[in-house]
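The values are calculated or read from the model by the stated rules, or taken from the named source; none is laboratory data. On a predicted model such as this, the values are computed, not experimentally measured, just so you know. All Cβ positions, glycine included, derive from the backbone under ideal geometry; neighbour counts span all protein chains shown. Side chains included, ligands, DNA and RNA excluded: accessible areas come from the protein's heavy atoms. Shrake-Rupley method; radii C 1.70, N 1.55, O 1.52, S 1.80 Å.
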Amino acid sequence: MAMTMTQKILAAHAGLESVTAGQLIKAKLDMVLGNDITSPVAINEFKKYGFKEVFDKEKVALVMDHFVPNKDIKAAQQTKQCRCFASECSIKNYYDVGDMGIEHALLPEKGLVGPGDVVIGADSHTCTYGALGAFSTGVGSTDMAAGMATGEAWFKVPSAIKFNLTGKLKDCCSGKDVILYIIGKIGVDGALYKSMEFTGEGMHTLTMDDRLCMANMAIEAGAKNGIFEVDDVTLDYYKERMTHPYTVYKADEDAEYDEVIDIDLSAIEPTVACPHLPENTKNASELSDIKIDQCVIGSCTNGRLSDMETAAKILEGKHIAAGVRCIIIPATQKIYMECVKRGYVETFINAGCVVSTPTCGPCLGGYMGILAEDEVAIATTNRNFVGRMGHITSKIYLASPETAAASAIKGYICDPRNI
């Protein structure tokens, strides 16, 4: 029976010759992920049912990233619980202050996820790892607990939408513009419980950072997962970091898709998602009347080295506009160190920005950049719901690092070609 990429991976991990959309299966897991907010709930469930050991000490990762360094006593207690659990269970992949990063940037950087893997994480943006040709998806903390204990999880096999990418992006655009354009086209429920599968000649022109950004935001279209066909770009990236063997799964030629959508990358313009949904997209050039109070460049979506490089090139020799706060957050310690070596941190500080240790902080309205009443932010994060980054009357515009950095300089939303 013909299958999509996702269906092939799930069939293999379920020990079945084939699976079909809608089928309920139990699949073996290659990685179970939790963070400082979701892991404590999973740990409580894990212990409540009497489990003493995780199924595999190398296949569980606990990444302290949301409120770390700890913002208050509650955050400190949650992190302490995770730290103690990791020690009790001898979990190899535990990352805390000084050795941490934003989880969905850290795991690929460490080579902990690879092609053909099945990954669950108690965080909705676990779908990021589809950029590497893995099936990865977010789950609840109870499912995380079961995964840590048994190494297995139940899934309903998703149907799929095929995105056939052609052409090549303009210099002013990146993967963030592509995924915002797609979500604007299909809506926040356009791929509800489906696999968004990316392929086509245009896909090969996208960098791994572009792909990680796009897979990360598949959930914003309601998808179960996003996944890219594995090519040389994928393998070059993974082989440099590889911690375990991989398997490449390719969709059958006659695989069944609910829909095939053609995307011409060369036609995409710098794109912004306006409040209060990621589907509410417009070209950046249409929004020059929107004054901003804050700019955030970072997050699990756009805190990678190429994002820092882009921001530094735009900010070099310039200064952010009066009245604008610009917060830049490299996604991992390794990226932060490289920013220091390359002089990006000096560029950011000279431009009037503040540079933070890796954290999810402002993205979820946690800390390190909370918005006050009626304030407006442009951010390279992934969600712009009401109250997401602070006060319920504040507004968030989602954009690429190119557009965000240019806007910080101008003081209003700006097409990066106009800087």
query: Hey, can you rank 268-275, 388-395 by average C-beta count inside 10 Å, highest first?
result: 268-275, 388-395
- request: Please give the net charge around G140, taking every other residue with its beta carbon less than 12 angstrom from that of G140, where Lys and Arg add +1 and Asp and Glu add -1.
  value: -3
- prompt: What stretch of the chain, leaving out the sites themselves, is the longest with no GluC sites (Glu not before Pro) in a DSSP loop having at most 16 other Cβ atoms within 10 Å?
  reply: 59-239
- request: With a 1.4 Å probe and every protein chain left in place, work out the accessible area per residue of the range 337-419 in Å², rounded to a whole number.
  value: 36
task: Find, among the trypsin sites (Lys or Arg not before Pro) in the range 10-82, those assigned to loop by DSSP (not H, G, I, E, B) with at most 14 other beta-carbon atoms within 10 angstrom.
output: K52, K57
Protein accessible area in the chain, 1.4 Å probe - carbon and sulfur %: 49
Accessible area per residue in Å² at 1.4 Å probe, computed on the range 43-161: 36
task: Could you work out the local net charge near Y412, counting Lys and Arg as +1, Asp and Glu as -1, over the other residues with Cβ closer than 10 Å to its Cβ?
output: +1
field: Within the chain, helix-based [θ] at 222 nm, where runs of 4 or more DSSP H residues each add -39,500 (n - 2.57), nearest 500
entry: -8500 deg cm²/dmol
D415, D258, ranked by accessible area, largest first (probe 1.4 Å): D258, D415
task: Take each of the peptides 205-213, 404-412, average the number of other beta-carbon atoms within 10 Å over its residues, and list them starting from the highest.
output: 404-412, 205-213
field: Estimated dipole of the chain in Debye, rounded to 20 [Cβ of Lys and Arg +1, of Asp and Glu -1, Cα centre]
entry: 1080
- prompt: Of the cross-linked pairs K47/K71; K26/K59; K52/K194, which ones have a Cα-Cα span greater than 24 Å in the structure shown?
  reply: K47/K71; K52/K194
query: Per residue, what accessible area does the range 173-224 have, given a 1.4 Å probe and all protein chains present, in Å²?
result: 25
